[in-house]
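The values are calculated or read from the model by the stated rules, or taken from the named source; none is laboratory data. Predicted model, so just to flag it, every value in this text is computed and none were measured. As a convention, Cβ positions derive from the backbone with ideal geometry for all residues, glycine included, and neighbour counts pool all protein chains shown. SASA here: full protein model, heavy atoms, side chains in, ligands and nucleic acids out. Shrake-Rupley method; radii C 1.70, N 1.55, O 1.52, S 1.80 Å.
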Amino acid sequence: GETFIQSLLSDIRNAERTVVISSPYVSAGRLKTAETVLEEATRRGIKVEIRTKDAGAYKKTSQMIDRALASLRSIQIHRSEDVYLKYIVIDDRIVWYGSIDVLGSINRQDSFMRLASGSIAMMLTDK
């Protein structure tokens with residue numbers, strides 16, 4: 001199950017400055033699910049950034065993914081072939097890190113851990 005989701009959503013809803021999501025692969029369905037909470041954060045003045053792979057990594061679904069990402073108008077999207085790590089950093093201090101591609105597919109054996117660490121947050125977000 002996705003027992004971490006409610007805690008993660010709470011962290012995003014309580015963000016004060018920034019939310020950075022690194023999800024190498026995204027799915028249109030997961031983006032649609034996340035859209036409400038992320039758009040709500042941007043309306044509160046939170047800077048939201050999604051880091052994901054270039055469109056070429058998606059093969060058959062690249063146009064659908066492009067449209068889904070484009071619909072997130074107030075969210076910064078950074079696409080690169082060099083996106084491998086799976087994490088979320090909130091306010092440069094709360095880190096969710098693990099094997100879950102939070103905007104992509106989630107498998108039963110995947111895990112995500114929550115840490116409060118400014119130094120790990122800075123390392124992941126290159127600050």
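Given E39, E16, which one is modelled with pLDDT of 90 or more, among the acidic types (D, E), out of contact with any helix residue (DSSP H, G or I) (no Cβ under 9 Å at 6 or more places or on another chain) and within 19 Å of L115 (Cα to Cα)?
Details: E39 fails: within 19 Å of L115 (Cα to Cα).
None of the other options fit; the residue is E16.
Of all residues in region 99-117, which are farther than 27 Å from D66 by Cβ and either in contact with a strand residue (DSSP E or B) (Cβ under 9 Å, 6 or more places away or on another chain) or buried (at least 19 other Cβ atoms within 10 Å of the Cβ) (or both)? Don't jump to the end; show me each part of the working.
In the first step, residues of region 99-117 are kept if they are farther than 27 Å from D66 by Cβ; the result is 108-109, 111, 113-117.
If the condition is that a residue be farther than 27 Å from D66 by Cβ and either in contact with a strand residue (DSSP E or B) (Cβ under 9 Å, 6 or more places away or on another chain) or buried (at least 19 other Cβ atoms within 10 Å of the Cβ) (or both), then S111, M113, R114, L115, A116, S117 are the ones that fit.
Identify the single condition in (1) touching a strand residue (DSSP E or B) at 6+ places or on another chain (Cβ under 6 Å); (2) open to solvent by 60 Å² or more (accessible area, probe 1.4 Å) that R73 does not satisfy, given that it satisfies every other one.
It fails just one condition, (1).
For residues in region 76-98 being touching a Pro at 6+ places or on another chain (Cβ under 9 Å) and under 24 Å from R13 (Cβ atoms), which is most open to solvent (accessible area, probe 1.4 Å)? Give the steps one after another, and end with the answer.
Within region 76-98, the first condition is being touching a Pro at 6+ places or on another chain (Cβ under 9 Å), and the residues that meet it are 83-86.
Restricting the remaining residues to those that are under 24 Å from R13 (Cβ atoms) gives 85-86.
Working: L85: 81, K86: 56 Å².
My answer is L85.
Do you know which residues across region 1-42 are touching a Ser or Thr at 6+ places or on another chain (Cβ under 8 Å) and surrounded by fewer than 18 Cβ atoms within 10 Å (Cβ to Cβ)?
Y25, A28, E35, E39, T42
Against the condition among the acidic types (D, E), in contact (Cβ under 8 Å) with a residue 24 or more places away in the chain and part of a strand (DSSP E or B), how does E49 come out, does it pass? Explain how you work it out, then say what you get.
On the way: among the acidic types (D, E): yes; in contact (Cβ under 8 Å) with a residue 24 or more places away in the chain: yes; part of a strand (DSSP E or B): yes.
Yes; evaluated as a whole, the condition is true for this residue.
May I ask you to verify whether D54 is open to solvent by 20 Å² or more (accessible area, probe 1.4 Å), closer than 11 Å to V26 by Cβ and out of contact with any His (no Cβ under 8 Å at 6 or more places or on another chain)?
Numbers: open to solvent by 20 Å² or more (accessible area, probe 1.4 Å): yes; closer than 11 Å to V26 by Cβ: no; out of contact with any His (no Cβ under 8 Å at 6 or more places or on another chain): yes.
In short, no.
Do you know which residues across region 4-46 are in a helix (DSSP H, G or I) and farther than 22 Å from S105 by Cα?
We begin by selecting, within region 4-46, every residue in a helix (DSSP H, G or I); these are 5-13, 28-43.
Once the filter is applied, which keeps residues that are in a helix (DSSP H, G or I) and farther than 22 Å from S105 by Cα, region 4-46 yields R13, E40, A41, T42, R43.
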